[in-house]
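Okay, structure first, notes after.
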Amino acid sequence: MNSPTPTPPPAAATPASAQVAAPASDVVPNIAYDLFAKLDLRVATVIKAEAHPNADKLLKLTLDDGTPAGRQVCAGIKAWYAPEQLVGKQVIIVANLEPRMLRGEISQGMVLAASDLKDGPDARDVIVLTVDKPVKPGSKAS
């Protein structure tokens, strides 16, 4: 006589964040909060945006960051944004990144963006991080 196959016990609930493992290339080591706290993330308004004169992938952005002089940032987002799409947007920047020359233009920070990975080795969409409601330029982001 054959007995029915026992039913396995239900699997323990696994949080959604633990169900999908990040690709090995995306894994980076944890850092101490004190190191993260050194980043100065700020809101800045794009005043002017134009193609970088010496680089195919860069846009040159003039930002109102709440300081009298404002700042210029070069961002590698030309493939995803036309300059006129950015004017007037409020973006999140790393304000205390050391300035550096990028193809003959000074870049005084970094505009934060997310990469939405698509199918294919180099396929992705880049989305500049913005604020939900207008805030004063120079406001801290955290």
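Gln85 versus (1) part of a strand (DSSP E or B); (2) closer than 29 Å to Asp26 by Cβ: which is the lone unmet condition?
Going through the list (1) part of a strand (DSSP E or B); (2) closer than 29 Å to Asp26 by Cβ, Gln85 breaks only (1).
Just name the residue that is surrounded by the fewest Cβ atoms within 10 Å (Cβ to Cβ) out of those in the stretch 66-89 that are on the phi < 0 side of the Ramachandran plot and of a type in the set (Gly, Ala, Ser).
Result: Ala69.
Within the stretch 72-82, restricting attention to residues that are of a type in the set (Gly, Ala, Ser) and part of a loop (DSSP other than H, G, I, E, B), which residue is farthest from Val126 (Cα to Cα)?
Among residues in the stretch 72-82 that are of a type in the set (Gly, Ala, Ser) and part of a loop (DSSP other than H, G, I, E, B), the one farthest from Val126 (Cα to Cα) is Ala82.
Just give me the residues in the stretch 1-53 being β-branched (Val, Ile, Thr) and either modelled with pLDDT of 55 or more or closer than 30 Å to Gln72 by Cβ (or both), in sequence order.
Hits for the stretch 1-53 are Val27, Val28, Ile31, Val43, Thr45, Val46, Ile47.
When you go through (1) over 19 Å from Arg42 (Cβ atoms); (2) surrounded by 18 or more Cβ atoms within 10 Å (Cβ to Cβ) one by one for Leu63, which number turns out not to apply?
Answer for Leu63: the failing condition is (1).
Report, ordered by the first and then the second residue, all pairs with beta carbons closer than 7 Å, sequence separation of six or more or different chains, a first member in the stretch 114-142 that is within 26 Å of Ile47 (Cβ to Cβ) and modelled with pLDDT of 85 or more, and a second member that is outside any loop (DSSP other than H, G, I, E, B) and of a type in the set (Asp, Glu).
Listed by first residue and then by second, the contacts come to Asp125/Asp116; Ile127/Asp116; Pro137/Asp64.
What number of residues within the stretch 88-107 satisfy the criterion of being more than 16 Å from Arg42 (Cβ to Cβ) and in a loop (DSSP other than H, G, I, E, B)?
Count: 3.
Does any residue of the stretch 35-46 turn out to be in contact with a helix residue (DSSP H, G or I) (Cβ under 6 Å, 6 or more places away or on another chain), closer than 25 Å to Ser142 by Cβ and surrounded by 13 or more Cβ atoms within 10 Å (Cβ to Cβ)?
yes
The values are calculated or read from the model by the stated rules, or taken from the named source; none is laboratory data. A quick note: this is a predicted structure, and the numbers were derived from the prediction, not measured. So basically every Cβ, Gly included, is an ideal-geometry build from the backbone, and we count neighbours across all protein chains shown.
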